[in-house]
Amino acid sequence: MKNTKFKVLLAAVFAAMFALFMVACSSGSGSASSASASASSESASASSSAAIENPVIRISTTTSVNDSGLLPYLQPYFEEATGYQWEVTSAGTGAAIKKGETGDADALLVHAKASEEEFIESGYGIERIPFMYNYFVIVGPADDPAGIKDCATAAEAFKKIADSGATFVSRGDDSGTNKKELQIWEAAGVTPEGDWYVNAGAGMGATLTQAAERQGYTLSDKGTFLSNDAKDQLQILLGESDDMKNTYSMIAINPEKWPDTNIAGANAFIEWMTGEQAAQLIAEYGVAEYGEPLFFLIEASDSAASASASAEASSASASAEASSASASASSAAA
Amino acid sequence: MSARFSITVNSLRKDYGKRTVLDADGLTIESGRAYALVGPNGSGKSTFLKVLSGVMDQTSGSVDVSGDVERDALAVGYMPQKSYVFGFSVLKNVSMVLEDRGVNREEAQTRALKALSEVGMETFAETRGSGLSGGEAQRVALARMLVQDLDVLLLDEPTASMDIAGTLLVEEALERYRERTGCLLVVATHAPSQARRIAADTVMLALGRIVEFGPTERVLSNPESPEGQEFLSYWSV
Amino acid sequence: MKSPRPCSVMDELIQAFTLMFTPGSELSQIILLTLQMSAFSTVISTVIGVPLGVCIGLYRFPGKRLVMRILNTLMGLPPVLAGLVVFFILSRSGPLGSLRLLYTLPAMVTAQVVLITPIVCGLSATAISSVAPLVHETAHGMGLTRRRELLCLLFECRSQLVSILFVAFGRSIGEVGAVMLVGGNVQYKTRVMTTAIMLETNMGHFEYAVALGVALLVVSFVINSIALTLQERTSAPEAGGARSHTRGGKLGGGTL
């Protein structure tokens, strides 16, 4: 009697588990199919999806890009316009680029110029296409103990922080932001070490949380800071100075290294992202929520110039970047 | 040492949930005597001994003591069917019983060795309890009883895992112990032959009730109750 | 970034082991901190969890089944959740924020104790309750004191209790979510093996991360081996206790 009851119970548990499993599977595929269905139904200008061999593009990006919410925002428009779907994985800059080396991505969307150039040089990527930028910001406690508010440059601000002995939380994870931070320290002529300098070894979000808890300073990209709860306990003390520009680039993975990669998809991604529609969408992104855009486009002509230049010499692209930056900075200010 | 007393069981009942496993009434047993407790599996022998020993509380009824000793002053030893011999040395297993009563370690060990030799286990004194065979473990468990001065000794199938030589040795030790201490001895057993050897009187349980009580020979050869007749019919095969 | 040339895990492993045994290197400091954290967490959760587990396993009380169910649920507590709870308590705005414990070793130990104590408690309750009735029958029949009975019970469960200790230590040394949250992975302060592995992975140093993982396993193996050798040498509990009356147990069945 008791035994049969137990068996029935056991069977019920297994049945429930199986049902859960099936539901999970079908809901997963269901959302995918509904997404593509909505894309095709709404699209008047959808390109011939029948010609697409492999509709899935694997995009590897950094946590800061992912945290800003830009890609999920663009995704439905992109999929509607091109018929491709993208799968975004995010990690620290090092790991994000590594996925390109190991053939686990079709395109990269990152912001660490030196690493990107090294990546191209090693032949893993075809070319580096800078297409948008934003500014890093120095955030810190509202009472600003180091008094950096009125500094002209980030280097000056960093010098003051180091001199005052106020806490500075570094990401310490070799990310694009971390590299930028180290450049600024170098420019400031300070070797960051000591008890005031906290090497958090973490992503942007966790680093901001730690800076908020410690009431210390840190360098963040603006998008992540604005979307993080730490903004209630920290303030932007310095932003948009010339030495805090953050340029984002796309890189298609070289199919000669990894024949399996979806080069057609990667090119479609890059083409769309540098196109008219994306330009408009990116310029609008964040305005409604934060009252200002989070990202700025590099002018199309400049980006084309830098793209062609980068194939020959990376220094050329850098100067193109710089000019485009000042151009759009002034246009944004106007 | 040998206090004279008797124990009377009144409407002693034990329920496990809705199932009544023991419902014993009107039994009086006396000090200085040995009783065998027989009955088929599930007849309530173990439960009866557990309730008597106090390791388990009854559902209702009482166990009363009369004689020249207070019930709370009675020293009761109980050896469960699956007696645990602890993983440390056999000697320690026995001597700690005395140490717990304030006997100093040296004397406790001397007396423990003596008790062990009573059951033929003195050569195992330094063996770890976890390395013993079933029969050896039962003999050690018994030595832990015999080392004490008990008024009541309740044993649940104490020789179940022993060979015949060990069984006879233990039975003789029990007999000597009872004569020496004048204790009340109750031994649950499944073997009528053992009941005949060690006990003048036998209690027979069936389905938790006392169906026979009297001189062992009479109960085992001439049971009055139908349950008793049925139980013994299996033994006469 | 490390050089993009594919370097073998073996090379990184050799490098990691060289660093491990270099006094003053960051890796040896990380290993030391990891061991410190795990040892503290294990000891504290054992000191709290084992007595609690023994009590739960030993005594029958109303609501015991509910307590066991809650314990079993807590045994599966997601580390991140434990970390989050401790984070909120220790954060600047939390009730214990003034202690300034966040991002320190005590914070990591606290989170791990929250995580591990239910495991230690639940496992020891199960271990104890499986032998407690048998031991109780025997001990009661022998007329042992409660104190001696408890010692004997613990002695009988000793190998299980020691393996529970290993489980606790293993859980502690290999845990990453809670430690990351409340420790903050701060270099030289709260960076332990697992968070270092996370960091190296995020930095794209996959081979070095694997090497660190192997180093962690080797450390665990050595610790376990030492502890097991010690366990084999455990001996009988040497504790006696006098009691007022000098004869056997009491006759039962008296409660009406």
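The values are calculated or read from the model by the stated rules, or taken from the named source; none is laboratory data. Since the model is a prediction, treat every value here as computed from it, not as a measurement. As a convention, Cβ positions derive from the backbone with ideal geometry for all residues, glycine included, and neighbour counts pool all protein chains shown.
A:Lys257 - would you say it is farther than 20 Å from C:Met203 by Cα, without any contact (Cβ under 8 Å) to a residue 24 or more places away in the chain and basic (Lys, Arg)?
No.
Hey, among the residues in segment B:163-191 that are in a loop (DSSP other than H, G, I, E, B) and in contact (Cβ under 8 Å) with a residue 24 or more places away in the chain, which one's nearest to B:Tyr234 (Cα to Cα)? Spell out the reasoning first.
Just the residues of segment B:163-191 that are in a loop (DSSP other than H, G, I, E, B), to begin with: B:163, B:182-183, B:189-191.
Next, from what is left, pick out any that are in contact (Cβ under 8 Å) with a residue 24 or more places away in the chain: B:163, B:182-183, B:189-190.
Values: B:Asp163: 22, B:Gly182: 34, B:Cys183: 32, B:Thr189: 15, B:His190: 12 Å.
The selected residue is B:His190.
What are the residues in segment A:150-181 that are surrounded by fewer than 23 Cβ atoms within 10 Å (Cβ to Cβ) and under 18 Å from A:Tyr135 (Cβ atoms), if any?
A:Asp150, A:Cys151, A:Ala152, A:Thr153, A:Ala155, A:Glu156, A:Lys179, A:Lys180
Taking helices (runs of 4 or more DSSP H) that fall entirely within segment C:6-111, which contain at least 2 residues that are polar (S, T, N, Q)?
Values: elements: C:9-20, C:26-58, C:64-75, C:79-90.
It comes to C:9-20, C:26-58, C:64-75.
Of the residues C:Phe17, C:Phe21, which single one is out of contact with any Pro (no Cβ under 9 Å at 6 or more places or on another chain) and touching a residue at least 12 places away in the same chain (Cβ under 8 Å)? Before you say what the answer is, go through the steps one by one.
Details: C:Phe21 fails: touching a residue at least 12 places away in the same chain (Cβ under 8 Å).
Answer to the check: C:Phe17.
For (1) under 19 Å from A:Lys245 (Cβ atoms); (2) surrounded by fewer than 15 Cβ atoms within 10 Å (Cβ to Cβ); (3) modelled with pLDDT under 50, each residue gets a yes or a no:
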site	(1), (2), (3)
A:Trp272	no, no, no
A:Gln280	no, yes, no
A:Ala288	no, yes, no
A:Glu292	yes, yes, no
A:Ala305	yes, no, yes
A:Glu321	yes, no, yes
A:Ala325	yes, no, yes
A:Ser330	yes, yes, yes
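In segment B:182-237, which residue that is hydrophobic (A, V, I, L, M, F, W, C), farther than 13 Å from B:Val38 by Cβ and in contact with a strand residue (DSSP E or B) (Cβ under 9 Å, 6 or more places away or on another chain) is surrounded by the most Cβ atoms within 10 Å (Cβ to Cβ)?
Pass one, segment B:182-237, residues hydrophobic (A, V, I, L, M, F, W, C): B:183-188, B:191, B:195, B:198-200, B:203-207, B:210-211, B:213, B:219-220, B:231-232, B:235, B:237.
From what is left, the residues that are farther than 13 Å from B:Val38 by Cβ are B:183-185, B:200, B:207, B:237.
Those left that are additionally in contact with a strand residue (DSSP E or B) (Cβ under 9 Å, 6 or more places away or on another chain): B:183-185, B:200, B:207.
Numbers: B:Cys183: 29, B:Leu184: 23, B:Leu185: 24, B:Ala200: 13, B:Leu207: 15.
So, considering only residues that are hydrophobic (A, V, I, L, M, F, W, C), farther than 13 Å from B:Val38 by Cβ and in contact with a strand residue (DSSP E or B) (Cβ under 9 Å, 6 or more places away or on another chain), the one surrounded by the most Cβ atoms within 10 Å (Cβ to Cβ) is B:Cys183.
What's the number of the condition A:Gln235 fails, among (1) over 19 Å from the mean Cα position of the chain (by Cα); (2) within 14 Å of another protein chain (Cβ to nearest Cβ); (3) modelled with pLDDT of 90 or more?
Condition not satisfied by A:Gln235: (2).
Out of segment A:210-227, which residues are surrounded by fewer than 23 Cβ atoms within 10 Å (Cβ to Cβ), within 23 Å of A:Val110 (Cβ to Cβ) and modelled with pLDDT of 85 or more?
Scanning segment A:210-227 gives a single hit, A:Leu226.
For segment C:127-138, enumerate the residues that are within 9 Å of chain B (Cβ to nearest Cβ) and among the hydrophobic types (A, V, I, L, M, F, W, C). First the steps, then the outcome.
If we filter segment C:127-138 for residues that are within 9 Å of chain B (Cβ to nearest Cβ), which is where we start, we get C:131, C:134-138.
Once the filter is applied, which keeps residues that are within 9 Å of chain B (Cβ to nearest Cβ) and among the hydrophobic types (A, V, I, L, M, F, W, C), segment C:127-138 yields C:Val131, C:Leu134, C:Val135.
The rows are residues; the columns are (1) aliphatic (A, V, I, L, M); (2) within 14 Å of chain A (Cβ to nearest Cβ); (3) in contact (Cβ under 8 Å) with a residue 12 or more places away in the chain.
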| residue | (1), (2), (3) |
| --- | --- |
| C:His140 | no, no, yes |
| C:Arg148 | no, no, yes |
| C:Gly170 | no, no, yes |
| C:Gln187 | no, yes, yes |
| C:Thr190 | no, yes, yes |
| C:Met193 | yes, yes, yes |
| C:Met203 | yes, yes, yes |
| C:Leu216 | yes, no, yes |
| C:Phe221 | no, no, no |
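Residues that are modelled with pLDDT under 95 and away from chain C (no Cβ under 13 Å), at least 1 per element: which helices (runs of 4 or more DSSP H) completely within segment A:81-187 meet that?
Values: elements: A:93-101, A:113-121, A:154-164.
Result: A:154-164.
From the list A:Thr207, A:Thr191, pick out the single residue that is within 12 Å of another protein chain (Cβ to nearest Cβ), within 28 Å of C:Val192 (Cα to Cα) and at pLDDT 90 or above. Before the answer, list the steps.
Details: A:Thr191 fails: within 12 Å of another protein chain (Cβ to nearest Cβ).
After applying the criteria, what remains is A:Thr207.
So which of B:Asp201, B:Asp100, B:Asp163, B:Asp149 is at pLDDT 95 or above, out of contact with any Cys (no Cβ under 6 Å at 6 or more places or on another chain) and acidic (Asp, Glu)?
On the way: B:Asp100 fails: at pLDDT 95 or above; B:Asp163 fails: at pLDDT 95 or above; B:Asp149 fails: at pLDDT 95 or above.
Sole residue among the options that is at pLDDT 95 or above, out of contact with any Cys (no Cβ under 6 Å at 6 or more places or on another chain) and acidic (Asp, Glu): B:Asp201.
Assess whether A:Pro72 counts as being surrounded by fewer than 17 Cβ atoms within 10 Å (Cβ to Cβ), in contact (Cβ under 8 Å) with a residue 24 or more places away in the chain and either away from every other protein chain (no Cβ under 11 Å) or farther than 20 Å from A:Asn262 by Cα (or both).
On the way: surrounded by fewer than 17 Cβ atoms within 10 Å (Cβ to Cβ): yes; in contact (Cβ under 8 Å) with a residue 24 or more places away in the chain: no; either away from every other protein chain (no Cβ under 11 Å) or farther than 20 Å from A:Asn262 by Cα (or both): yes.
Spelling it out, it is not the case that A:Pro72 is surrounded by fewer than 17 Cβ atoms within 10 Å (Cβ to Cβ), in contact (Cβ under 8 Å) with a residue 24 or more places away in the chain and either away from every other protein chain (no Cβ under 11 Å) or farther than 20 Å from A:Asn262 by Cα (or both).
Evaluate segment C:104-115: report whether one residue or more is more than 8 Å from every other protein chain (Cβ to nearest Cβ) and among the small types (Gly, Ala, Ser). Before you say what the answer is, go through the steps one by one.
Let us first name the residues in segment C:104-115 that are more than 8 Å from every other protein chain (Cβ to nearest Cβ), namely C:104-115.
Those still in the list that are among the small types (Gly, Ala, Ser) too: C:107, C:111.
There is at least one residue in segment C:104-115 that is more than 8 Å from every other protein chain (Cβ to nearest Cβ) and among the small types (Gly, Ala, Ser).
Scan segment B:213-232 and give yes if some residue there is out of contact with any Lys or Arg (no Cβ under 7 Å at 6 or more places or on another chain) and within 14 Å of another protein chain (Cβ to nearest Cβ), otherwise no.
no
Would it be correct to say that B:Gly135 is away from every other protein chain (no Cβ under 14 Å) and in contact (Cβ under 8 Å) with a residue 40 or more places away in the chain? Steps first, please.
Details: away from every other protein chain (no Cβ under 14 Å): yes; in contact (Cβ under 8 Å) with a residue 40 or more places away in the chain: no.
The answer is no for B:Gly135.
Condition first: modelled with pLDDT of 85 or more and either closer than 18 Å to A:Asn66 by Cα or outside any helix (DSSP H, G or I) (or both). Can you find one or more residues in segment A:308-317 that meet it? Don't jump to the end; show me each part of the working.
Filtering segment A:308-317 down to residues modelled with pLDDT of 85 or more leaves none.
The answer is no; no qualifying residue exists.
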